[in-house]
Amino acid sequence: MDIKEYKGVFVFAQQVDNKLSNIAFELVGKGKSLANDLGETVTAVLVGYQVKDLADQLAEYGADKVIVVDDPELKEYRTEPYTHALSEVINKYKPEIFLIGATAIGRDLGPRVCARIHTGLTADCTKLDIGDFPLQAVPGQEQLHNQLLMTRPAFGGNTIATIACPQFRPQMATVRPGVMQKNPKQPGRKCEVEEFNPGFVPNDLYVEILDVVKKVENTVDIQDAKILVSGGRGVGSPENFKILDDLAEAIGGTVSCSRAVVDAGWKPKDLQVGQTGKTVRPKVYFAIGISGAIQHLAGMEESDLIIAINKDDSAPIFDVADYGLVGDLNKIVPLLTEKIKEAKAKANQN
Ligand SMILES: Cc1cc2nc3c(=O)[nH]c(=O)nc-3n(C[C@H](O)[C@H](O)[C@H](O)COP(=O)(O)OP(=O)(O)OC[C@H]3O[C@@H](n4cnc5c(N)ncnc54)[C@H](O)[C@@H]3O)c2cc1C
């Protein structure tokens, strides 16, 4: 492998049912900033069936080029044909960096593709930079420049590791949804769209999909919520989450929680914020009866405004909070809800 032949940043633009997932736009955003650092461009790889129309959306969020692999074999996600599609794209276009979302699909696809093309993959990254590797010069060892530095929690979240892939290309990473920022939309922006189809020979190694059963969700995805009212072990019981429900209803928010709450069986895993839960970035994040363990902070510290309510004034959550209320949540939360309702009623009268 001549690694000098590999150029540009490519991202997998995940779509499901011909709708682009948020992670596709987040990766285009991050890919673009990495590409800028390298003096290169960002290319989105769109794989599916009858998906070409989605290319414009990727352009509007900053893609410099879209490669479309369109084939009936790619209608629903299946490991084998998608692996074939991405591996052939990489073999033909030779990208220097290839990013995939750490979604259920991406976590299946990324390792398959990297094994097939014989490179490395850093899974579940929370930070990506271009820089020198080794990070500090080591006597007797060449320090390489313009490497992809892939950062992720390691050893059960007890440390943060920065990993590079200096000998192989592309440098591949799966990236946690919700961590990277998408670029502002530029309506009407266009980019080059190229179709590439490596050909699919259906064979009995492909999984055959007999039926797709969709889970019916009544709840809002906490990653889409603008206001999160998040409760921790300090809430005390599943029944007492009623006071958080009331606050959320009064301010148009959504309830989420810490892992302690999920482990206790008070709330489903879907609502968990943090390193092993979801990464959220709402406009307002209420942390109520949450101590602020590092694994929790990893999922919410990028929120625009953090309001913490805790009876312990030394709780680490106050280190990241913009506003802190020290006291018993059982008194503060209902009072806050009442005040918000009063203010809303007043505003409606005027
Ligand atoms: C590998 C690994 C991954 C993890 N992933 C996650 C993750 O994704 N998300 C996550 O949240 N955690 C995660 N954890 C767990 C994390 O370390 C903490 O144990 C957890 O976040 C604690 O939850 P908590 O803050 O709700 O509970 P606690 O730490 O028990 O805090 C409860 C807080 O409530 C306050 N309180 C109690 N009563 C009241 C009251 N009446 N009024 C006001 N305040 C009150 C207390 O002062 C305390 O600060 C992970 C741990 C590991 C090892």
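The values are calculated or read from the model by the stated rules, or taken from the named source; none is laboratory data. Fair warning: this is a prediction, and the values are worked out from it, not measured in the lab. A quick note on method: Cβ atoms are made from the backbone with ideal geometry, for glycine too, and the neighbour counts reach across all protein chains shown. Just the protein is used for accessible areas: all its heavy atoms, side chains included, with ligands, DNA and RNA removed. Shrake-Rupley method; radii C 1.70, N 1.55, O 1.52, S 1.80 Å.
Tabulated values for the structure
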quantity	calculated
Residue match in the stretch 71-92 (condition: in contact with an Asp or Glu (Cβ under 9 Å, 6 or more places away or on another chain) and closer than 22 Å to residue 35 by Cα)	no
Test: residue 209 is open to solvent by 30 Å² or more (accessible area, probe 1.4 Å), modelled with pLDDT under 95 and more than 12 Å from the ligand (Cβ to nearest atom)	yes
The stretch 1-24, residues that are in a helix (DSSP H, G or I) and either without any contact (Cβ under 8 Å) to a residue 24 or more places away in the chain or surrounded by fewer than 24 Cβ atoms within 10 Å (Cβ to Cβ) (or both)	3, 4, 5, 22
Qualifying residue in the stretch 242-259 (condition: within 12 Å of the ligand (Cβ to nearest atom), in contact (Cβ under 8 Å) with a residue 12 or more places away in the chain, out of contact with any Lys or Arg (no Cβ under 7 Å at 6 or more places or on another chain) and open to solvent by 50 Å² or more (accessible area, probe 1.4 Å))	yes
Filtered residue count, the stretch 43-59, keeping only those that are out of contact with any Asp or Glu (no Cβ under 9 Å at 6 or more places or on another chain) and either of a type in the set (Val, Ile, Thr) or surrounded by fewer than 19 Cβ atoms within 10 Å (Cβ to Cβ) (or both)	3
Yes/no for residue 88 being assigned to a helix (DSSP H, G or I), closer than 29 Å to residue 209 by Cβ and modelled with pLDDT under 95	no
Neighbours by Cβ (under 6 Å, 6+ apart or cross-chain): first from the stretch 85-101, aromatic (Phe, Trp, Tyr); second surrounded by fewer than 24 Cβ atoms within 10 Å (Cβ to Cβ)	none
Sole residue being of a type outside the set (S, T, N, Q), open to solvent by less than 20 Å² (accessible area, probe 1.4 Å) and either within 9 Å of the ligand (Cβ to nearest atom) or in contact with a His (Cβ under 8 Å, 6 or more places away or on another chain) (or both), chosen from 232, 236	232
Tabulated pairs, the stretch 201-217, first within 18 Å of residue 81 (Cα to Cα) and among the hydroxyl-bearing types (Ser, Thr, Tyr), second open to solvent by less than 90 Å² (accessible area, probe 1.4 Å) and at pLDDT 75 or above, C-beta under 9 angstrom, 6+ apart or interchain	206/73; 206/78; 206/79; 206/80; 206/81; 206/200
Among (1) open to solvent by 40 Å² or more (accessible area, probe 1.4 Å); (2) out of contact with any Cys (no Cβ under 6 Å at 6 or more places or on another chain); (3) within 18 Å of residue 12 (Cα to Cα); (4) of a type in the set (A, V, I, L, M), the one test that residue 138 misses	(3)
Long-range neighbours under 9 Å by Cβ, at least six apart or interchain, first residue more than 8 Å from residue 256 (Cβ to Cβ) within the stretch 273-284, second within 11 Å of the ligand (Cβ to nearest atom) and β-branched (Val, Ile, Thr)	275/294; 277/262; 279/273
Which numbered condition residue 270 fails, given (1) within 14 Å of the ligand (Cβ to nearest atom); (2) assigned to a helix (DSSP H, G or I); (3) open to solvent by 70 Å² or more (accessible area, probe 1.4 Å); (4) of a type in the set (D, E, K, R)	(3)
Selection count where residues are surrounded by fewer than 22 Cβ atoms within 10 Å (Cβ to Cβ), near the ligand (Cβ under 9 Å from one of its atoms) and more than 23 Å from residue 125 (Cβ to Cβ), scope the stretch 293-312	2
Filter pass, residue 220 being surrounded by fewer than 17 Cβ atoms within 10 Å (Cβ to Cβ), away from the ligand (no atom under 12 Å from the Cβ) and over 30 Å from residue 127 (Cα atoms)	no
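One line per residue, one yes/no per condition, for (1) touching a helix residue (DSSP H, G or I) at 6+ places or on another chain (Cβ under 8 Å); (2) among the hydrophobic types (A, V, I, L, M, F, W, C):
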{"residue": "3", "(1), (2)": "no, yes"}
{"residue": "6", "(1), (2)": "no, no"}
{"residue": "9", "(1), (2)": "yes, yes"}
{"residue": "18", "(1), (2)": "yes, no"}
{"residue": "22", "(1), (2)": "no, no"}
{"residue": "35", "(1), (2)": "no, yes"}
{"residue": "42", "(1), (2)": "yes, yes"}
{"residue": "48", "(1), (2)": "yes, no"}
{"residue": "53", "(1), (2)": "no, no"}
